[in-house]
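Each remark here refers to the structure printed beneath this line.
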Amino acid sequence: MMHALAQKFSTLLIAFRRIFASPVAGILNILVIGIALSLPTGMYLLLQNAQGLVAQISGAPQISLFLAMDTTQEEAGKLRKQLGQHNRIANAEFISRGLALEKLKESTGLEDVIAGLGNNPLPDAYIITPKQTDAKSLEDLRNELQRLPAVEHAQLDSAWAYKMEALLEFARIAVLILASLLSLGLIAITFNTIRLQILTQDDEIQVSGLIGATDAFIRRPFLYFGAMQGLIGGIAAWLIIAISLLFLKAPLATLSQLYASNFTLHPLSMADSFSLLLFSVYLGWLGAWLSVGRHLSRMAH
């Protein structure tokens with residue numbers, strides 16, 4: 001057991017040394033992998049942060065319930081109880097007719113015109129803050145509240161929610177396409193790098209095959225090489241993103257102050273960081289596996 005572990009560790013060490021056998025080429029390969037991985041990962045991170053920024057700018061979506069003009073206090077109180085017990089409502093604020101009229105005067109500056117109306121034309125209302133803020137849930141809740149007794153009209157401006165969801169969905173698909181294309185590019189890079197390694201060791205591979213070495217034995221050091229190169233490239237991508245966030249921190253703080261916001265860019269989470277490194281290792285391993293498999297297939301024929 002210990003001998004097998006020592007052998008694998010030795011193979012890993014040899015793979016690491018081969019990556020930097022030609023320092024300039026090795027560093028350039030890792031830099032290319034790091035930049036290629038950092039682009040979709042950085043876009044994904046900005047998209048995650050953008051969702052928080054949009055929430056701060058737009059505020060929580062609300063539904064306005066306008067009560068019928070002939071609603072009694074008993075009916076309004078019963079409705080308040082129903083809204084307070086609703087499992088999809090976070091808060092329900094009552095706005096009386098008088099308070100609504102005062103707010104209208106303050107916001108419009110038309111005190112004289114409003115005073116000339118005689119009777120208050122505004123109804124009592126409830127301002128509903130939903131727990132779920134996606135467009136479909138908002139629309140479903142509005143339709144449900146519209147059917148409640150004493151509710152004359154339930155108003156929801158859901159257009160912004162649908163537009164924002166469509167924009168974020170478009171951005172997610174764009175990130176997925178970019179990540180897929182760059183992943184194919186990284187597999188190609190590893191494929192060609194391993195192919196050059198195989199060409200330089202072709203005689204050694206031929207002799208190993210003649211003395212009975214299995215395909216798995218021949219493939220192992222190249223797979224380690226590809227996985228190790230992918231891992232180092234993933235670390236480089238993580239560092240590129242972290243350094244980029246540091247450069248963006250100061251100008252973003254200035255921008256946040258101008259808009260009276262406390263928005264900050266959040267770095268990659270532990271789970272996302274681990275996924276990035278695991279994915280980069282897999283891409284390197286896959287490129288090496290394809291390259292060695294192609295060479296072994298040719299040897300067999």
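The values are calculated or read from the model by the stated rules, or taken from the named source; none is laboratory data. A quick note: this is a predicted structure, and the numbers were derived from the prediction, not measured. Cβ sites come from the backbone with ideal geometry, for glycine too, and all protein chains shown count toward neighbours.
For the stretch 121-149, the set of residues classified as surrounded by fewer than 17 Cβ atoms within 10 Å (Cβ to Cβ), touching a residue at least 60 places away in the same chain (Cβ under 8 Å) and closer than 28 Å to Gln73 by Cβ consists of Ile127, Thr129, Leu148, Pro149, listed by residue number.
Might you check whether a residue that is over 30 Å from Pro149 (Cα atoms), assigned to a helix (DSSP H, G or I), at pLDDT below 65 and not assigned by TED's automatic domain parsing to the domain that holds Arg142 occurs anywhere in the stretch 24-46? Spell out the reasoning first.
Let us first name the residues in the stretch 24-46 that are over 30 Å from Pro149 (Cα atoms), namely 24-46.
From the residues that got through so far, the ones that are assigned to a helix (DSSP H, G or I) too are 24-46.
Those still in the list that are at pLDDT below 65 too: none.
So far as the stretch 24-46 goes, no, none of its residues is over 30 Å from Pro149 (Cα atoms), assigned to a helix (DSSP H, G or I), at pLDDT below 65 and not assigned by TED's automatic domain parsing to the domain that holds Arg142.
What do you reckon, is Ile187 modelled with pLDDT under 85 and touching a Leu at 6+ places or on another chain (Cβ under 8 Å)? So Ile187 fits the description; yes.
Say whether the condition of being modelled with pLDDT under 80, part of a helix (DSSP H, G or I) and loosely packed, with under 15 Cβ neighbours inside 10 Å is met by at least one residue in the stretch 218-231. No - not one qualifying residue is present in the stretch 218-231. Those strands (runs of 3 or more DSSP E) of the stretch 80-163 in which 3 or more residues are over 12 Å from Ser64 (Cβ atoms) and modelled with pLDDT of 80 or more occupy 89-95. When every residue of the stretch 250-259 is checked against the conditions, at least one turns out to be among the β-branched types (Val, Ile, Thr) and modelled with pLDDT under 80.
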